[in-house]
Amino acid sequence: MAQRVFSMNETMNNDIIRHASALADKSSFIADDFAQALFPKTNVFFNDRMRSNARQYLRGVIGQIEQRICLIATQELGVTQDILVKIAAGGAGQSLNLLENSGLLKTVEIVQHLFVKAQQSELAARLLQKISQSDLEATLTRHLDHDDPVIAEAAMGLLVAQSKTTSAVGEISASLADLPAEIVYAFAWPVTASLARLSGLSSLQLQAATERFLASHDESASVARKADRLAQLIEQAKAAEDQVPHPMRDGLSLFIARLARQTGLASDQIVTFTAEPDMARLVVAMRAADFPVQEALSVFFALDDGDNILTAATYGETDRDRALALVTSWAAPRSFQDAQRVLADDSLGDRAK
Amino acid sequence: MTLSSKLAEPVRGQVDFDGILLSADPLLMRLHLRSGGAEGGPLAVPELAELCRISRRLGMNLSRAAQASDDDCRIDMWVETRLIPSGNDQQLSLAIIDWKERPHDDTGKIDSARERDFDRLEGRGAIRTDAALRIIAQQMPLETGQASDAIGQSLLDIYDVIPPSAHARLLESVAERQPIRNQRMREKGGSQRLFVLQGQPLIDKAGIFAGYRFTATPDDPETSGKDRKAVAGKLISDSLFGSQLGPALRQPLGKIIANAETISSKLEGPLRGDYASYAKDIASAGRHLLDLVNDLSDLEAIERPEFTVAADDIDLVDLAHRAAGLLAVKASDHQIRIDLPKESDKLPARGEFRRSLQILVNLIGNAIRYSPDGSVIKVRVSADDEFARISVTDQGDGIAAEDQDRIFEKFERLGRSGDGGSGLGLFISRRLAHAMGGSLTVASAAGKGSTFTLSLPDRKES
């Protein structure tokens, strides 16, 4: 019926119908999205640059994973489907739209990863307002001459990894080699399902290609792991005269890894703290790690976007024992912390009596 | 003592699809054993086992930091897992590229191993957890070995919190690193025993919360009070070695041997030759003491009135090959050949598998000890209507007729010393043979070698 009402050609008409159907499927979520924008659960601010960066990064990562799987499928397993051959040759991937619309990318793991990457990029941009790129790159060179050859070698490893993933200021480098195993895994299987659907190829061949891709991924080459290892070695070898971690002396990745190491927290948690109002949890983490006042204020200044203020008095009055207790509780496994929160909520009624 | 190993080569290990540790370099094997693992058992170092699990689940190689802790020190590691494709049974190799040990802060603290031994004497169990309440070591009352199944699992997965205590209060205490007092818990599986837990938080030298040490007292109102009084009144109960001092002594001895072997093999770096040789002596003396402890435990066990043996269907030819296999290295050290019956032969008998193997290991071990280098030990089997027999013949000095009964007596060494024997092996072996309805005899003449014959009730193959 509708085709006869509108004087459009057949193709255009089908597009509108497909579009309208898709909108109808999603209309029930519009209110959810609006509610989230209108009544956010946290007061963390996400600017447009972060959103745009995260989107570009997502596109880049999914494109690279698609290409790698297709390369293995076509070159190693002899698959000849046109669409897969095109993607393997660097043609535009098609999985992102499919996966976005399906909601398959909306897992806690993936969203958390995107947020941390976006925030890390924000921090890098803030840092470069206070120190030049060349000075920042020179920070690691001081470890290259370390007395302990293991530390010198680890510092060289981090330098090399960083040089491979350098991107323009304010952008996130979407390097596959830089992803932790769990994130690659979280992306790879939905992409595989999407490729199977797009190509109509037997999922067994694509599964085999994905398994090969996963087994060949080497997270030890990533900046995060190189920084974690160097941080571990530096903290073990720490001499009395060593300075506390500082983003302008260590570079961002190593600073985050060293503070994480000193507090027993995960690097991603430290990055998340810097996005929170007043960077309050970062201050508590620095207090727990016993940063001297001037160092803590300097770190705060280096990472802040100019909206927040930390005074010596505020930092000095933060009780270290309480800071230590809090950091210990944040270092507990996530499911344990979640359970604690639920149990604490349940017992609120009892306490009120 | 601070150990900081700058190793040129990584510490390596290999685990199979089920997490069983297939092989390990000495440092990793030592940590595995100290974490409650057994040779041929699942990898018992919690964070390493977890990394292996994740690596297998994802089908991906990982590169992560890990920590482990034992009674002496905390170990920081950087671990790389690598999947090894090998047919259906995918194995995993571990390469620990940084291995750094640092001591726990034990100033003013009672040694944890001593605490554990006192706990055992008092009939209490002990549980060590890491900061996330995962069990690192567990030794519960009435259990002779470590409960390896529990290692790596969360305390709250193994035990239920029993009212009037509250789950929330326990979690709160853990979050605040407070001591935990009189927490009643029930085992989730098995016999669902009740325990009262007392926990002390452990803080390491860096001031970081490292977990809890719990003592677990059985909470059985009807029997535990009586038992505790009886044990406390005597200090050491009747079953001296079997359940108390034996296990308490084995662990420190195991540590002495492991550390002495590490020193003698110069794993931690260069060492003067004579010092390495002293360490070898320490390891050898430690092994002798361990054998003695094992013998005394067995002695205590077989002298108990309730001692019984199982009547398994066994094959003496198979047992002979197993015993010879266990002693192959020792025999080859002395260029001694063990001449065994053909592997395809069978000699069915009835007796407890473990105890029969123990007797054969004792007989072949003695034969190696008292035979000249380069000689042959013959193991032969025979049977008549009632008994299946296996004999071990050596080419040693032999035993004079007047001494042949004495060698089966407790602590009888016929004036020999310094050869690693305790004087209990043959006594225990003969008692075990009798308990299984058989016998152990010797035929020998001075200067002409000896033949020991174990006879066990025959079992006709159906």
What helices (runs of 4 or more DSSP H) completely inside the range A:243-288 contain at least 1 residues that are under 12 Å from residue A:330 (Cβ atoms)?
A:252-263, A:267-275, A:280-288
Qualifying position, being crowded, with 19+ Cβ neighbours inside 10 Å and outside the structural domain of residue B:431 (by TED's automatic domain parsing), among B:297, B:284
B:297
For the range A:321-330, indicate whether the set of residues that are over 23 Å from residue A:136 (Cα atoms), away from chain B (no Cβ under 14 Å) and surrounded by fewer than 22 Cβ atoms within 10 Å (Cβ to Cβ) is non-empty.
no
How many residues does the range A:87-104 contain that are modelled with pLDDT of 90 or more and either at positive phi or surrounded by fewer than 18 Cβ atoms within 10 Å (Cβ to Cβ) (or both)?
0
Which ones in the range A:210-226 are crowded, with 21+ Cβ neighbours inside 10 Å and touching a Leu at 6+ places or on another chain (Cβ under 6 Å)?
A:226
Answer residue from the range A:108-152, given it is within 14 Å of another protein chain (Cβ to nearest Cβ) and touching a helix residue (DSSP H, G or I) at 6+ places or on another chain (Cβ under 9 Å) and is farthest from residue A:230 (Cα to Cα) among those
A:109
State yes or no: is residue B:418 modelled with pLDDT under 85 and open to solvent by 50 Å² or more (accessible area, probe 1.4 Å)?
yes
Of the conditions (1) at the interface with chain B (Cβ under 10 Å from one of its Cβ atoms); (2) open to solvent by 30 Å² or more (accessible area, probe 1.4 Å); (3) farther than 18 Å from residue A:61 by Cα, residue A:233 satisfies every one except a single condition; which number is it?
(2)
Restricted to the range B:50-63 and to residues being in contact (Cβ under 8 Å) with a residue 12 or more places away in the chain and either buried (at least 20 other Cβ atoms within 10 Å of the Cβ) or among the β-branched types (Val, Ile, Thr) (or both), the residue farthest from the other protein chains (Cβ to nearest Cβ) is B:52
What do you reckon, is residue A:42 part of a loop (DSSP other than H, G, I, E, B) and modelled with pLDDT of 80 or more?
no
Can you pull out every residue in the range B:64-91 that is more than 30 Å from residue B:212 (Cβ to Cβ) and either facing another protein chain (nearest Cβ under 10 Å) or at pLDDT 90 or above (or both)?
B:80, B:82, B:83, B:85, B:90
Is there any pair linking a residue in the range A:129-154 that is farther than 22 Å from residue A:232 by Cβ to one that is open to solvent by 80 Å² or more (accessible area, probe 1.4 Å) and assigned to a helix (DSSP H, G or I), with Cβ under 8 Å and at least six apart or on different chains, and which?
A:130/A:301
Residues of the range A:270-313 being of a type in the set (S, T, N, Q), surrounded by 14 or more Cβ atoms within 10 Å (Cβ to Cβ) and over 18 Å from residue A:46 (Cβ atoms), in sequence order, are A:298
Residue among A:196, A:215, A:161, A:227 that is within 13 Å of chain B (Cβ to nearest Cβ), part of a helix (DSSP H, G or I) and free of Cβ contacts under 8 Å to residues at least 60 places away in the same chain
A:215
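The values are calculated or read from the model by the stated rules, or taken from the named source; none is laboratory data. Keep in mind that this is a model prediction, so the values were computed, not measured. As a convention, Cβ positions derive from the backbone with ideal geometry for all residues, glycine included, and neighbour counts pool all protein chains shown. Only protein heavy atoms, including side chains, enter the accessible area calculation; ligands, DNA and RNA are left aside. Shrake-Rupley method; radii C 1.70, N 1.55, O 1.52, S 1.80 Å.
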